[in-house]
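Chemist: Before we start, here is the structure in question, set down as structure tokens.
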Amino acid sequence: MKKLLFGLSALALLSACSSNNKRLIIMSKGAADVNTDTRTITAKDGAGHDEKTIDITGQKLTFQLSSPAGNSSVDMTDNGLYVINVKNDTVVGGYQPYADPKTLKQVFSQDDVKKRIDSLVQLTEGKNISAANRNFFLLPNTATKISANIDAIVVGPYHKMTSAEKVGDKDPEVYRFFSIKEVREEIARLQAMTVPVKK
């Protein structure tokens, strides 16, 4: 009987732990030092974009962040997928409906381009940002829940991805993030496309 009670207690404990799953994607400039025991993330102003992914359990997680942008404390209570930005720059992005490249629209009108510019400008200004819209404005030293699905795909700044395969009959859940610099460069590129060609 004691063995049975011990077995049930262990099963309940494992079930409680597994129900508090969180996946953290840490974005930094240069490699960040992540210590899950002390719950600290330390980043310096290194070279290039770096990402680390850790899976961790806990009902409420608090991490201390130290980066070139300063120090902060972030709490993560809900289960799911989080992005932590310890870059000395804002990161923006959101859900992208990736599909078979053959089905994607290949020709864009001037109106399409202008709408895209407007959308990107609003993104850089932190406008129309909400979890419902599935878009995000991640200031330095912040953590944001991206999805309840810890297996969602996150494509970070300076990475290229054009398509993702379906898993069974489900479309992939993909979130694409950019540095503010990348978005501004894309706005400038699109604005150049709206200028009439001189004859």
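The values are calculated or read from the model by the stated rules, or taken from the named source; none is laboratory data. Keep in mind it's a predicted model, so treat the numbers as computed, not measured. Reconstructed Cβ throughout: ideal geometry from the backbone, glycine too, with neighbour counts over all protein chains shown. These area figures cover heavy atoms from the full protein model, side chains too; ligands, DNA and RNA do not enter into them. Shrake-Rupley method; radii C 1.70, N 1.55, O 1.52, S 1.80 Å.
Chemist: Which links in 22/170; 29/127; 127/170; 52/115 stretch past 27 Å when you go from one Cα to the other?
Modeler: Numbers: 22/170 22 Å; 29/127 25 Å; 127/170 30 Å; 52/115 34 Å.
Listed pairs above 27 Å: 127/170; 52/115.
Chemist: Excluding residues fewer than 8 places away in the same chain, name every one of the aspartates and glutamates whose C-alpha is closer than 20 Å to that of residue 44.
Modeler: Straight-distance partners of residue 44: 33, 89.
Chemist: Can you tell me the FRET efficiency between residue 72 and residue 153 if r is taken as the Cβ-Cβ distance and R0 is 22 Å, rounded to the nearest 0.05? Intermediate results must be reported in sequence, preceding the final value.
Modeler: Values: r = 27 Å, r/R0 = 1.22.
My answer for the efficiency is 0.25.
Chemist: With a 1.4 Å probe and all protein chains in place, put 178, 63 in order of accessible area, largest first.
Modeler: Sorted by accessible area, descending: 178, 63.
Chemist: Just add up the charged neighbours of residue 54: K/R +1, D/E -1, any other residue whose Cβ is under 10 Å from the Cβ of residue 54.
Modeler: So the environment of residue 54 carries a net charge of +2.
Chemist: Which net charge results for the neighbourhood of residue 149, defined as the other residues with beta-carbon distances under 10 angstrom from its beta-carbon, given Lys and Arg at +1 and Asp and Glu at -1?
Modeler: Values: positive: 23; negative: 151, 173.
It works out to a net charge of -1.
Chemist: Given the whole protein assembly as supplied and a 1.4 Å probe, what does the accessible area of residue 117 come to in Å², nearest 10?
Modeler: 20 Å²
Chemist: Calculate, in nm to one decimal, what residue 121 and residue 20 gain on full extension: separation in residues at 0.36 nm each, minus their alpha carbon distance.
Modeler: Working: separation 101, 0.36 × 101 = 36.36 nm, distance 3.66 nm.
Working it through step by step, the gained length comes to 32.7 nm.
Chemist: Provide the net charge surrounding residue 44, with neighbours chosen by a C-beta distance below 13 Å and charges set as Lys +1, Arg +1, Asp -1, Glu -1. Walk me through the intermediate numbers first.
Modeler: Values: positive: 29, 87; negative: 33, 45, 50.
That works out to -1.
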